[in-house]
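Novice: Dropping a structure here in structure tokens format, bear with me for questions.
The values are calculated or read from the model by the stated rules, or taken from the named source; none is laboratory data. No experiment lies behind these values; they were computed from the predicted model shown. Cβ: placed from backbone, ideal geometry, glycine included. Neighbour counts: every protein chain shown. Quick note on the areas: whole protein, heavy atoms, side chains included, nothing else; ligands and nucleic acids left out. Shrake-Rupley method; radii C 1.70, N 1.55, O 1.52, S 1.80 Å.
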Amino acid sequence: MMKIDTYAVFGHPITHSKSPRIQQLFAKQTAQVMQYGAQDVPAEIFTTAVGNFFAAGGKGLNCTVPLKELAWQYADHLSDRALLAKAVNTLARQADGSIFGDNTDGIGLLTDLTANHGISLTGANILILGAGGATRGIVPVLLEQQPATVVIANRTVEKALAIADDFAILGPLQGCDYTSLQGRQFDLILNATSASLSGQLPPLPAALLASKGSCYDLAYANQPTAFVQWGIAHHACRSLDGLGMLVEQAAEAFYVWRGIRPETSAVIRLLNDERQLTDNSR
Ligand code: NDP
């Protein structure tokens with residue numbers, strides 16, 4: 001049995017993950033005795049890997065690409081936001097041994113956009129690229145802010161339409177394919193595809209971003225992602241990546257596990273400084 005409270009992030013690929021570093025910083029800041037690792041877990045072995053982790057005494061997991069929908073199925077009970085999202089990024093073993101599933105992506109993104117970067121969502125035309133687990137987590141939170149519209153564009157259009165259908169009751173939401181974006185403009189474009197992880201970009205019309213609009217890539221890297229570069233090239237007011245969201249969603253997960261909400265701004269600053277050092281050393 002594990003003696004020290006043990007947590008981990010499961011995903012595939014996982015080597016790029018900054019989650020262990022973030023959770024270790026939170027633990028130090030809040031004087032919590034715990035350890036947090038990363039494990040490469042392809043979808044095919046998800047159920048076995050999670051079962052083994054909790055059977056060995058593990059306390060909690062983060063689940064990332066491509067495991068969030070599987071984690072949703074795995075949980076014995078769910079928070080309201082996870083129930084709605086049909087995607088889980090945080091699993092927590094409860095005192096009775098049952099597994100609780102939550103989704104902290106939406107609140108993580110919202111905090112980073114609005115509190116950290118001052119981007120207003122109310123009345124905005126918002127485009128989300130991609131229709132995977134992350135999109136399911138962020139759509140309800142975005143719609144709560146009463147945007148003018150939220151459009152989800154996806155390579156596999158059926159997935160965009162299915163999400164639009166599932167959440168239509170919450171606000172003005174549409175699904176479409178990339179060709180239907182021709183002639184439209186958005187105040188905020190969120191890249192929630194995993195294309196960035198392989199340096200790729202979905203096909204986007206040149207005039208997609210409205211004047212004074214912002215771009216936000218949920219993915220993050222030590223260098224500007226392909227989508228962050230697209231935003232800069234298309235005169236985005238701000239073109240950001242998802243490092244802040246990562247820290248904010250991690251803080252919410254930490255709260256689910258430990259009942260303490262860590263302070264995030266110093267951690268975001270430190271990680272930003274570290275990646276600039278990495279850039280300069282290349
Ligand atoms: P999923 O695997 O569930 O979904 C991936 C999505 O990307 C699908 O819509 C897929 O389209 C699309 N996609 C993949 N490759 C391409 C491509 N080459 N061109 C166009 N579309 C493509 O992933 P998640 O939703 O869990 O995560 C999406 C991204 O968000 C990842 O980069 C992840 O790292 C990031 N993320 C960041 C967080 C943060 O805290 N910063 C939190 C959550 C996610 P199709 O359906 O057609 O296959």
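Novice: Measure off, as a whole percent, the carbon and sulfur share of the 1.4 Å-probe accessible area of region 106-243, all protein chains present. Intermediate results must be reported in sequence, preceding the final value.
Specialist: On the way: 2890 of 5670 Å².
Of the solvent-accessible surface of region 106-243, carbon and sulfur hold 51 percent.
Novice: Suppose only helical runs count, i.e. DSSP H with n ≥ 4. What mean residue ellipticity at 222 nm does that imply for the chain under -39500 (n - 2.57) per run, divided by all residues and rounded to the nearest 500 deg cm²/dmol?
Specialist: -11000 deg cm²/dmol
Novice: How are the C-alpha pair distances of region 189-282 spread across 5 Å bins, as whole percents from the shortest bin up?
Specialist: Binned Cα distances yield the sequence 3, 13, 19, 19, 18, 13, 9, 4, 1, 0.
Novice: Would you mind counting up the charge near A251? Only other residues with Cβ under 9 Å from its Cβ, with Lys and Arg at +1 and Asp and Glu at -1.
Specialist: Local net charge: -2.
Novice: Given a 1.4 angstrom probe, what's the average accessible area per residue across region 106-243, in square angstrom?
Specialist: Roughly 41 Å² per residue, with all protein chains present.
Novice: What does region 106-243 give for Rg and for Dmax, in Å, if only its C-alpha atoms count?
Specialist: In Å, with Rg to one decimal and Dmax whole: 13.3, 38.
Novice: Report, in listed order, any pair from K68/K212; K3/K28; K28/K86; K18/K212; K18/K59; K59/K159 with a Cα-Cα distance greater than 27 Å.
Specialist: Table pairs above 27 Å Cα-Cα are K68/K212; K28/K86; K18/K212; K59/K159.
Novice: Sort 115-128, 215-228 for me by packing, meaning the mean count of neighbouring Cβ atoms within 10 Å per residue, highest on top.
Specialist: Ranking the peptides 115-128, 215-228 by packing returns 215-228, 115-128.
Novice: May I pose another question? List the residues whose amide H sits under 5 Å from the amide H of D5, counting only those 5 or more places along or on another chain, with H placed 1.01 Å from N in the peptide plane.
Specialist: Long-range HN contacts for D5: Q35.
Novice: For region 125-131, in order, what is each residue's ³J(HN,Hα) by Karplus, 6.51 cos²θ - 1.76 cosθ + 1.60 with θ = phi - 60°, in whole Hz (x at glycine and Pro)?
Specialist: Result, rounded to whole Hz: 8, 10, 10, 10, 8, x, 9.
Novice: Please give the peptides 54-64, 177-187 ranked by average Cβ packing (other Cβ atoms within 10 Å per residue), highest first, as a rough proxy for protection.
Specialist: Top to bottom by mean Cβ count within 10 Å: 54-64, 177-187.
Novice: State log₁₀ I(q)/I(0) for region 229-282 at q = 0.18, 0.20, 0.22, 0.24 Å⁻¹ as given by the Debye formula over alpha-carbon point scatterers of equal weight, solvent excluded.
Specialist: Computed log10 I(q)/I(0) values: -0.75, -0.83, -0.90, -0.95.
Novice: OK, next. Just subtract the alpha-carbon distance of N272 and V256 from 0.36 nm times their residue separation and send over the number in nm, one decimal.
Specialist: Taking 0.36 nm per residue and subtracting the Cα distance, the gain is 3.2 nm.
Novice: Continuing with the same structure: Could you state the angle between the C-alpha long axis of helix 243-258 and the longest principal axis of the C-alpha atoms of the chain, as a value from 0 to 90 degrees rounded to the nearest 10?
Specialist: Tilt of helix 243-258: around 30 degrees.
Novice: To continue, here is another question. Over the chain, what portion of Cα pair distances is larger than 22 Å, expressed as a whole percent? Let's see the in-between values first.
Specialist: Values: 22158 of 39621 pairs.
I get 56 percent for the Cα pairs in the chain exceeding 22 Å.
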